[in-house]
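The values are calculated or read from the model by the stated rules, or taken from the named source; none is laboratory data. The structure displayed is predicted, hence computed values, not measured ones. Note: ideal-geometry Cβ built from the backbone for every residue, glycine included; neighbour counts use all protein chains shown. Only protein heavy atoms, including side chains, enter the accessible area calculation; ligands, DNA and RNA are left aside. Shrake-Rupley method; radii C 1.70, N 1.55, O 1.52, S 1.80 Å.
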Amino acid sequence: MKAADGVVRFGEWLPDLPDYENPGLTEALNVLPTNRVYRSFATMKTSGTATGFRVRGALIATDPTTGSPYWYVGGTNTLMVAAENDSPGPWTTLNGAIANSLGGLYSWRFAQFDEFLIAGTSGHLPQVQTVGSVSVFTTLASIGTVNAAREVAVVNRFVVVGGFDLARARVQWSAIDDPRNWPTPGTSTAQSLQSGEQTLDMNYGDIMRIVDLGQYALIFQKRAITRMTYVGGNVVFQFETMDYEHGTMSPDSVVVIGRLAYFVDYSGFYVTDGVQTRAIGYGKVDNYFRRTLGEDNQPGGEYVYAQIYGAADKASKCIYWCYQTSGSSTANAAASDALIIYNYEEGRFTRATDSVEVLVGAEIQGTRRSFVRGFKAQVAGGYLDDTILTDTQSYNAAVIETAEIGYVAGGNAFLQGLAPVVTGMNTVTGLNVAVRYRSDLSSTPALTDTGTSSPTTRLPFVNFRREARYHSARITINGRFEAAIGLQYQVKKGSPV
């Protein structure tokens, strides 16, 4: 944190670094990191008709004929659809042959190929339905056979499935331009239609996710990432493992932005372009995330990793990851209680609290509308998108804490007062400031009584008149605001140490 002319601008949230001389913030709770400032974070607005079950995967698909968007959701043994609008519903059941219950480690994966909406998960043969129709789901393969697999994706002009129940490191792809044609791999028919299969090294674990980055696809195993590139001919696809150190246990954490894939690994947050993998949370939030992740809520922690969902809101340039914390009251339940938020343009993190089961990023084809939809138990869901959040929404208290610094080198500082620099506060119901202070780094910081700032008046400063060697500030904002920018401070030299 840099001070100049009595003004301290809020830096990025860096909870993994010590409080003392932290170059950023030690807390950034219930705020969005956007446009180099912090904006209020609204909890989910519930809307529409409840699905009536725990959502285990969702996607928005567009009817290529009419341009109308539809939401598809999956449950333990149910697939449903509803027209997309600000209040989705009613939901129509399209189960077809779906009967088996879905295991706790799995979710539905959806992908759209032209007019077809394809759904896959463990324990079920891949299914297909025509977007915009009232037809139920039916078995994807109308020619040949494709077995039950946890992953489905569209790569180039192929449908690719992977992570088979009986071959967890294998991928298989359809005939080119024909998603319902699945000839037996290795036959002359398959070769003529460019259909085939590939088995990866099982030493790196199950196939967890397949995503398309345009020039190639990426296959995430638990401990490796493989690039899948279309080359045509008899080979069809070339497979090259580009990362033997990182993978994911959280298939729904993978978020694609252009030709980059952001994901959660055992050790933290990463991004890859299919050529190299780069840490984005190291020295920032990785330790905090691992420390608060509720692995103790589930045997082996696998269910907690499986419940991490990620989604991007391209309007705010933010990725949201929801997860269950170790202190969550929802231990062994479905809902997550916390969010990690990452601005992928600015490289800054924040955190928030909200109850959510599934996050889904969506774009309406033919429009510039981008948003994030959240689902939680027995509720249809709510937007985290800024475009429809209004002053009537609920805003959890925003908390920003600054680094601990010594204003005076080698001596005490007399902190007279602090004034938060916050704009767009017409609906803010409270703006409070507190100061932590101590005289040496081995002591526990004391906390002053909280004072109230009135930035709309000529007297925004909260008077503390506190002398100590080290000080930090905590700002709490209740309500909606446009930008939390920084602090003004009044300080003078105190007594020698």
Using Cα-Cα distances under 8 Å and only pairs 6 or more residues apart, what relative contact order does the chain have, in percent? 16
Taking the Cα centroid of region 1-73 and of region 192-221, what is the distance between the two, rounded to the nearest whole Å? 31
Calculate for the chain the 222 nm mean residue ellipticity that helices alone would give, adding -39,500 (n - 2.57) per DSSP H run of length 4 or more and normalising by residue count, nearest 500 deg cm²/dmol. -500 deg cm²/dmol
Per-residue HN-Hα couplings for region 399-415, Karplus 6.51 cos²θ - 1.76 cosθ + 1.60 at θ = phi - 60°, whole Hz, x for Gly and Pro? 10, 10, 10, 8, 5, 8, 9, x, 5, 10, 5, x, x, 6, 10, 9, 8
For GLU404, tell me the accessible area in Å² from a 1.4 Å probe, rounded to the nearest 10. 10
Report the one residue of THR272, ASN396, LEU218 whose Cα lies farthest in the direction of the positive end of the charge dipole of the chain (charges on C-beta: Lys and Arg +1, Asp and Glu -1; origin at the Cα centre). ASN396
Full extension between SER188 and VAL275 adds, at 0.36 nm per residue less the Cα distance, a length in nm of 28.0 nm
Along Cα→Cβ, 7 Å out, is where each label goes; now give me the distance between the ones at SER101 and PHE239 in nm to one decimal. 3.4
Sorted by accessible area with a 1.4 angstrom probe, largest first, how do THR184, THR350 fall? THR184, THR350
Let me check something: with ligands and nucleic acids excluded, how do TYR230, TYR309, TYR489 order by accessible area (1.4 Å probe), largest to smallest? TYR230, TYR489, TYR309
Skip the ligands, DNA and RNA, and give the accessible area per residue of the chain with a 1.4 Å probe, whole Å². 40
In whole percent, how big is the carbon plus sulfur part of the accessible area of region 106-169, probe 1.4 Å, protein atoms only? 55
Placing unit charges on C-beta atoms (Lys and Arg positive, Asp and Glu negative, everything else neutral), compute the dipole magnitude of region 129-238 about its Cα centre in debye, rounded to 20. 220
Rounded to the nearest 0.05, what FRET efficiency do VAL7 and VAL136 have when you use their Cβ-Cβ distance and R0 = 41 Å? 0.10
What's the carbon and sulfur percent of region 171-297's accessible surface, probe 1.4 angstrom, rounded to a whole number? 43
Pick out, from THR130, SER68, PHE481, the residue whose Cα sits farthest towards the positive end of the charge dipole of the chain, with +1 on the Cβ of Lys and Arg and -1 on the Cβ of Asp and Glu. PHE481
Please report how many Lys pairs in the chain have alpha carbons closer than 24 angstrom, counting only residues at least 8 apart along the chain or sitting on separate chains. 11
Of VAL491, VAL264, VAL275, ordered by accessible area with the largest first and a 1.4 Å probe, the sequence is VAL275, VAL491, VAL264
Each label sits 7 Å from Cα toward the beta-carbon; between GLU302 and ASN478 the label points are separated, in nm, by 4.5
